[in-house]
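Just below is one structure, and these are the notes that go with it.
What follows is calculated from the coordinates using simple rules that are stated; it is not laboratory data. Here the structure is a predicted model, which means the values were calculated and not measured. Positions of Cβ are backbone-derived with ideal geometry, glycine not excepted, and every protein chain shown enters the neighbour counts.
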Amino acid sequence: MGKFFSYTIGAVVGGIIGGTVVLLTTPKRGEEIRSDLKDRAASIQQPLKDAANNLTAVKDRVMALKDDSVPVLKSAVTDIGNLLQEWKEDVQPYLTKIKSNVVQLESAKDKLSNKLTEHSPKKKEGEEQTPPSL
């Protein structure tokens, strides 16, 4: 308990010495300091109130913008979905025709390839093979 007692005595003596030094070196009286602190607090309060009012106004604007934009965005998404569906319906016949043409082209390519292999002369060793003229 000796360390705690020494610490407590040191803190009390330090506080008394510090308080005395502050009182002796303070250039103004207590009333003047309190008055200055009140003036500074008052001068800080108005900008803080203005900032709070501005934040409230910004919040209100954001909420109004949100309320106005949500229906517009929903409408835009619906319109885009409808346009995509119409485009899909418009393109579908062309896709079917293209697929059919690709199947026909592959069939024609296979027939032509078969004809070429059937009619090509047998290649002798060392000879280059040239495709027949069409």
Sorting 91, 8, 62 by the position of each Cα along the dipole of the chain (Lys, Arg +1; Asp, Glu -1; all at Cβ), the one nearest the positive end of that ordering is 8
With Cα coordinates, the longest principal axis of the chain makes an angle with the long axis of helix 30-119, in degrees rounded to 10, of 10
Distance in Å, no decimals, from the C-alpha centre of the stretch 77-92 to the one of the stretch 13-40 is 78
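Just tell me the longest site-free run in the chain, where the sites are trypsin sites (Lys or Arg not before Pro) in a DSSP loop having at most 15 other beta-carbon atoms within 10 Å.
Working: sites that count: 28, 29, 122, 123, 124.
No qualifying site falls inside 30-121, the longest such stretch.
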Checked against the positive end of the charge dipole of the chain (+1 on Cβ of Lys and Arg, -1 on Cβ of Asp and Glu, about the Cα centre), the farthest of 33, 23, 78 is 23
In degrees rounded to 10, the 0-90 angle between helix 2-25 Cα long axis and the longest Cα principal axis of the chain is 80
